[in-house]
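Please read the structure below before turning to the comments.
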Amino acid sequence: MPGEKAGDFKGAMKKMLSLMATFKFALAAVLVFAIGSTVFNIIGPKVLSTATTELFEGVGAKIAGTGGIDFDAIASILLVTIGLYALSAACSFVQGWLMTGVSQKTCYLLRRRIAEKISRMPMGYFERTSTGDVLSRITNDVDTLGQSLNQGLTQLVTSSVTVVGVVAMMLTINVPMTLIALLVIPLSLLLVKAVVSRSQRYFRAQQKNLGAINGQVEETFSGHTVVRAFGKEDEALEQFRKTNDVLYESAWKSQFLSGLMMPVMSFVGNLGYVAVAVSGAAFAIKGSITVGDIQAFVQYVKNFTQPMTQLAQVSNVLQQMAASAERVFEFLEAPEEEPSRGSDAAHAASGEVVFDHVRFGYNADEPVIKDFSARVESGRTVALVGPTGAGKTTMVKLLMRFYDVDAGSISIGGADVRDIDRDELRSMFSMVLQDTWLFKGTIRENIRYGRLDATDEEVEAAARAAFADHFIRTLPGGYDMMVNEDASNISQGQRQLVTIARAILADRRMLILDEATSSVDTRTERRIQMAMDKLMEGRTSFVIAHRLSTIRNADLILVLSDGDIVEQGTHDELIARGGAYAELYESQFEGEGEGE
């Protein structure tokens, strides 16, 4: 089936060859065995033809009374033929085994490089690129590359050798008959081109419509509750029917035209057989060719049309491989995070954090943080508040070096974060985010993710501290209950409690809480806040909150607006000042009925 074409076919293939240089000896062996398999297979009909000639001449001699059939000679010829085909099969087996190993090792190597590359990629890449696209490169593109490599390279070698070898063998039998047989090539190419040119656009339409219907099905099922709640089942079904009809139209046309390929080639092949049979009979009457040679020639004509079709298909397979390789290498060659200037984690042990005239923008000409300066003493709790888009989460990303500042600096214990190894830097923090993340596994395993060497007792103690122990024990299986892929078998609030327990278990020097209690009810929020207050004792903590009632006890509140600090102080100081913070607090008091 026609696939996506590479923008730079030569460049992609050059990179593939460079990558596969690691397996050059295995590839050389593949080439040798592929040629051997093909050569032994080509010689077979020629040897077998001598048995046919021997049998034909023996029958003629017996009828004429001048002799008989030499069965010993025929048996010897058949044994040689069987040996040749056995050697061909053995070479084909070894070649297939080696090529499968090379293709899978190539896929393994690429997947490993991609997995290693992901940890070195800047955060901005994943914010610009969809998760589905990255996953497609790791799975679909690597798999397509491996399959195309396995099929395409083998077919290219065997088909090319077969075509050359068959033509050579036919020329040794009879030159005029070979020229007659070769006349079918232009006809084959014209017919194949006509079919492919018409079917290709329908294949493209089929893939496009298939993607559309897959997206529609995914959307409908993932939002099934909303569809049912708004009573839109009929509309969704009607939309699906329309898309399905369009897919049907393109699919049957593409499959029908593609199915014509084999009958067309069979028809052309049969024309070749007829031409060979007629010309062979004429040459046999003149005595310039034996019956066995005619039989061998017919076999060669059959063996000639098949590799011609395969070579036509190989070009498409190689295009698919190049397109996949291009996407994979594009990812592998993408810019990485700048390396740290050194490792100064030990000096950062004090935990004091200083933001010194920080300036940053996701785009160079659009700063999100303009001039941010603040000092956070070790063991204190700092709350970042402000309207959406003020730069609160961006400051946390800069602190953990998901991005580096454009100007100014951020230091921990006097050490610039750019001088601290990223892994060491991030190992100082525990995080609880608004968007909870749980993996497929037991609840116990999800909590233990915070510290992999924690005992079951420590896991359960962390759950109790996060007020998650009670609900966990009411679940079927308790701590050993399996969380599914999207964690939809527990509620959003329960997921939040599990992530908080995970952060408690990690027991890091610094905490980052980004709307950590946004998905729980008010009563649970207050209980968690008590646990968090205890957890934050002696730790430098950064709290991002929209619900201002949760950060009243913070040591320092920074009010952000358009990337700058417009106010700072304690809750009471800011309320008394009657500025931006007081307005935010009063608006929540009026809207949510929260009081002091």
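The values are calculated or read from the model by the stated rules, or taken from the named source; none is laboratory data. From a predicted model like this one, the values you see are computed outputs, not experimental measurements. Methodologically, a virtual Cβ is constructed for each residue, glycine included, from the backbone with ideal geometry; neighbour enumeration extends over all protein chains shown.
Figures for the structure shown
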| read-out | value |
| --- | --- |
| Members of region 61-81 that are surrounded by fewer than 13 Cβ atoms within 10 Å (Cβ to Cβ) and either among the small types (Gly, Ala, Ser) or not in a loop (DSSP other than H, G, I, E, B) (or both) | Lys62, Ile63, Ala64, Gly65, Gly67, Gly68, Phe71, Asp72, Ala75, Leu79 |
| Residue list for region 99-124, filter: in contact (Cβ under 8 Å) with a residue 60 or more places away in the chain and outside any helix (DSSP H, G or I) | Arg120, Met121, Pro122 |
| Helices (runs of 4 or more DSSP H) wholly inside region 408-522 that include at least 3 residues being touching a helix residue (DSSP H, G or I) at 6+ places or on another chain (Cβ under 9 Å) and either of a type in the set (Lys, Arg) or at pLDDT below 85 (or both) | 492-506 |
| Filter result (closer than 15 Å to Tyr585 by Cα and surrounded by 18 or more Cβ atoms within 10 Å (Cβ to Cβ)) within region 545-568 | Ala545, Leu548, Ser549, Thr550, Ile551, Ala554, Ile557, Leu558, Val559, Leu560, Glu567 |
| Residue among Leu475, Leu425 that alone is buried (at least 17 other Cβ atoms within 10 Å of the Cβ) and either of a type outside the set (Ser, Thr, Tyr) or over 30 Å from His546 (Cβ atoms) (or both) | Leu425 |
| Strands (runs of 3 or more DSSP E) enclosed by region 529-587 - at least 1 residues per element that are among the hydroxyl-bearing types (Ser, Thr, Tyr) and out of contact with any Phe, Trp or Tyr (no Cβ under 9 Å at 6 or more places or on another chain) | 540-544, 556-561 |
| Number of the exception - Leu87 against (1) at pLDDT 85 or above; (2) surrounded by fewer than 16 Cβ atoms within 10 Å (Cβ to Cβ) | (2) |
| Among (1) buried (at least 21 other Cβ atoms within 10 Å of the Cβ); (2) in contact with a strand residue (DSSP E or B) (Cβ under 7 Å, 6 or more places away or on another chain); (3) closer than 21 Å to Met121 by Cβ; (4) not basic (Lys, Arg), the one test that Ile412 misses | (3) |
| Yes/no for Leu311 being of a type in the set (A, V, I, L, M, F, W, C), buried (at least 18 other Cβ atoms within 10 Å of the Cβ) and modelled with pLDDT under 75 | no |
| Members of region 271-289 that are free of Cβ contacts under 8 Å to residues at least 40 places away in the same chain and surrounded by 14 or more Cβ atoms within 10 Å (Cβ to Cβ) | Tyr273, Ala277, Ala284 |
| Candidate set from region 549-596 (those that are polar (S, T, N, Q) and modelled with pLDDT of 85 or more); member that is nearest to Gly379 (Cα to Cα) | Thr570 |
| Cross-chain or 6+ apart pairs with Cβ under 6 Å, region 572-596 first and under 19 Å from Leu556 (Cβ atoms), then at pLDDT below 80 and surrounded by 12 or more Cβ atoms within 10 Å (Cβ to Cβ) | Tyr585/Leu548 |
| Region 338-379, residues that are over 19 Å from Ser427 (Cα atoms), assigned to a loop (DSSP other than H, G, I, E, B) and modelled with pLDDT of 75 or more | Gly361, Tyr362, Asp365, Pro367, Val368, Glu377 |
